[in-house]
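These notes are about the structure you will find just below.
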Amino acid sequence: MSYSVEERGRENTPQYRVYFKNAEGKYISPFHDIPIYANETENIFNAVVEVPRWTNTKMEIATKDALNPLKQDVKKGNLRYVSNVFPHKGYIWNYGAIPQTWEDPGHRDGDTGCCGDNDPIDICDIGSKVCSRGQVIQVKVLGTLALIDEGETDWKVLVINTEDPEAGQYSDIEDIRRLKPGYLEATLDWFRRYKVPDGKPENQFGFSGEFQSRDFAIKTVKDTHSFWKALICKKTDAGELSCMNTSVCDNPYHCSAGQAEAIVHTTDPYGDPEPIPSSADKWFFYEQP
């Protein structure tokens, strides 16, 4: 299945959105309508790229918006750009999420002792290709890191794009350690410190910051898929989340293609982008305690 995107509004403004379309050109939700599996037998998953490698604009699936387009995160009324914390520049992987997953805020994880963060599960693609915003890729799961973000469990699943020339050499977390020495350490460092320039303390981790195996990660992804199934079938309270979709069978949130198109057309048409603020290019250096 192939997917395309349609930009609406002006980039680098709160109104900017990236909507998704299926192969027939009909609007869909990347949260609910893109299948979790590209190949279930081989444990190959679909992943939505929210932030391409080396960029700073913190785009995310808008879980509370109808049809869940990508939008830029806003904190305290300001658009969010992830800081460059030396020696890192922007995101050091293609960053995104696996569709049809949900980290249930009502479920307390037995390993981390913390509840989920109310979002789809996050991925970090370590492949050599720099993807584009909104690109849907097929990935192999290699392992996971248990980030504790402001008291919530926020799994970071390490994956590799199956189209990467070296994808065949990777099957588990230790392959990253062997073939890309320093990358796991850089990943841990990035997640530990990326909020410090905003005046927040370093993040904490489950398992004392140890990366967990491929099998553990796949189980975690499948668990969050089960939470999503309960969400989309209204067995779990959705709260402010939008579960509107155009293709998931037998669920109370289904909408027609016409309704989806009408929603998109209520937003502003695509226009010239605003410039990225110069502060997004600033570098931060600090000594760890």
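Couplings 3J(HN,Hα) for the stretch 42-49, derived from phi with the Karplus relation 6.51 cos²θ - 1.76 cosθ + 1.60 (θ = phi - 60°), are 9, 6, 9, 10, 7, 9, 9, 7 Hz, where x marks Gly and Pro.
In the chain, the portion of solvent-accessible area held by carbon and sulfur atoms comes to 48 percent [1.4 Å probe, whole percent, DNA, RNA and ligands not counted]. Taking θ as phi - 60° and the Karplus parameters 6.51, -1.76 and 1.60, the scalar couplings of the stretch 58-67 work out to 7, 8, 7, 5, 7, 5, 9, 8, 4, 6 Hz in sequence order, x denoting glycine and proline.
Per residue, the convex hull spanned by the Cα atoms of the stretch 1-58 measures out at 104 cubic angstrom.
In the context of the full protein assembly, ARG108 retains an accessible surface of approximately 150 Å², using a probe radius of 1.4 Å and ignoring ligands and nucleic acids. Working note: Karplus 6.51/-1.76/1.60 with θ = phi - 60° gives the stretch 107-121 the couplings 10, 8, 5, x, 8, 9, x, 10, 7, x, 9, 6, 10, x, 6 Hz, where Gly and Pro are set to x.
Heavy-atom accessible area, probed at 1.4 angstrom with all protein chains present, ranks VAL221, VAL130, VAL5 as VAL130, VAL5, VAL221, highest first. Springs between Cα atoms under 10 Å define the GNM used for the chain, and in it the highest mean-square fluctuation of GLU163, GLU42, GLU210 occurs at GLU42. What the Kirkwood sum gives for the chain is a hydrodynamic radius of 19.4 Å, with every pair of different alpha carbons counted. Within straight-line reach of LYS129, meaning a Cα separation under 24 Å, sit the following lysines at least 8 residues removed in sequence or on another chain: LYS21, LYS58, LYS71, LYS89, LYS140, LYS156, LYS180.
In this structure the stretch 1-133 gives 37 Å² per residue of accessible area when probed at 1.4 Å with all protein chains present. Taken over the Cα atoms of the stretch 150-289, the convex hull encloses 232 Å³ per residue. Based on DSSP H segments of at least four residues, each scored -39500 (n - 2.57), the chain has a per-residue ellipticity at 222 nm of -4500 deg cm²/dmol.
The values are calculated or read from the model by the stated rules, or taken from the named source; none is laboratory data. None of the values given here were measured: they were computed from a predicted structure. Heads up: the accessible areas ignore ligands, DNA and RNA and are worked out on the full protein's heavy atoms, side chains in. Shrake-Rupley method; radii C 1.70, N 1.55, O 1.52, S 1.80 Å.
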